[in-house]
């Protein structure tokens, strides 16, 4: 994110507890230090946007620092679970102007060397809308998102968490199971593993701590999705045992893949939301929950598209 922000022309700096990452970023010409409080002091003096990019278990300790050193700054984040994040902000940093965020981009790698300046190009980035969200603050965070090359998807925390449980957190859990089942087959299985196994297990190579943070942190939303998946797997097992057929399961999966491809290729129509209107929040949420996105701003309005 630091790379993309600097490339967009914004003044950006950062802090990390990793000396390795701080050194690598500094050698690349970026201002990154290991003193979080000093970075937050500078943010407070400059009235900068503060972006938290830490695992969920570390959020509360960092928020205490934010509350002490940049209490009135506009605050956003890239944490992958929004409900617990919103709750933590309200308890630990209640005076910040918070607008949640989550870019749907990345890889199984982590750390400074895993990033790139174009990581967010064309990516959806959820920008949180709650009943008490100040729309001027929301627009400021959304403009940052657009500057980074992404598009903004307005959603409340509960909609975000239910959705990522289905399309991100469950896949991470299944990848872990697939990888462990495959590895149980020993050297022969690993020597024969090819494209389908690699594709299905890629994210199992992610940091276990980060995967645990997002899946365990989204427990409430993830549990019913796991139950749904287990029900489907149980039905497939029953069908295979009784009739030898898997048509229902395989066909449903194929239809799901076609739906994903259709959404990516769908024609989109333009939308304009007046941010000064009394129902602007409702309009933003309705757009996001229909799969729409914000792509630009005009005076007093957000401009987007939806299929």
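Filter the stretch 266-285 for residues that are under 22 Å from the mean Cα position of the chain (by Cα) and closer than 16 Å to residue 151 by Cα; which is surrounded by the fewest Cβ atoms within 10 Å (Cβ to Cβ)? Residue satisfying both the conditions and the ranking: 285. Does residue 130 count as assigned by TED's automatic domain parsing to the domain that holds residue 78, more than 16 Å from residue 105 (Cα to Cα) and in a loop (DSSP other than H, G, I, E, B)? In short, yes.
Being part of a helix (DSSP H, G or I), outside the structural domain of residue 273 (by TED's automatic domain parsing), exposed (fewer than 14 other Cβ atoms within 10 Å of the Cβ) and over 14 Å from the mean Cα position of the chain (by Cα) is a property that residue 177 has. Scanning the stretch 37-70 for residues being free of Cβ contacts under 8 Å to residues at least 12 places away in the same chain and closer than 17 Å to residue 85 by Cβ gives a total of 2. Candidates are the residues of the stretch 159-174 that are touching a strand residue (DSSP E or B) at 6+ places or on another chain (Cβ under 8 Å) and touching a residue at least 40 places away in the same chain (Cβ under 8 Å); the one that is surrounded by the fewest Cβ atoms within 10 Å (Cβ to Cβ) is 164.
Residues of the stretch 107-144 being crowded, with 17+ Cβ neighbours inside 10 Å, within 16 Å of the chain's Cα centre (by Cα) and more than 21 Å from residue 9 (Cβ to Cβ), which ones? Correct list: 124, 126, 128, 129. Of all residues in the stretch 18-46, those satisfying the criterion of being out of contact with any strand residue (DSSP E or B) (no Cβ under 9 Å at 6 or more places or on another chain) and either more than 19 Å from residue 93 (Cβ to Cβ) or modelled with pLDDT under 90 (or both) are 18, 19, 20, 27, 28, 29.
In the set (1) over 30 Å from residue 199 (Cα atoms); (2) in a loop (DSSP other than H, G, I, E, B); (3) in contact with a strand residue (DSSP E or B) (Cβ under 9 Å, 6 or more places away or on another chain); (4) touching a residue at least 40 places away in the same chain (Cβ under 8 Å), residue 141 fails one condition alone, (2).
Selection of strands (runs of 3 or more DSSP E) fully inside the stretch 238-307 by the criterion of at least 3 residues being touching a residue at least 60 places away in the same chain (Cβ under 8 Å) returns 293-298.
The values are calculated or read from the model by the stated rules, or taken from the named source; none is laboratory data. Predicted, not measured: the structure shown is a model, and the values here were computed from it. Glycine also receives a Cβ, built like all others from the backbone with ideal geometry; neighbour counts cover every protein chain displayed.
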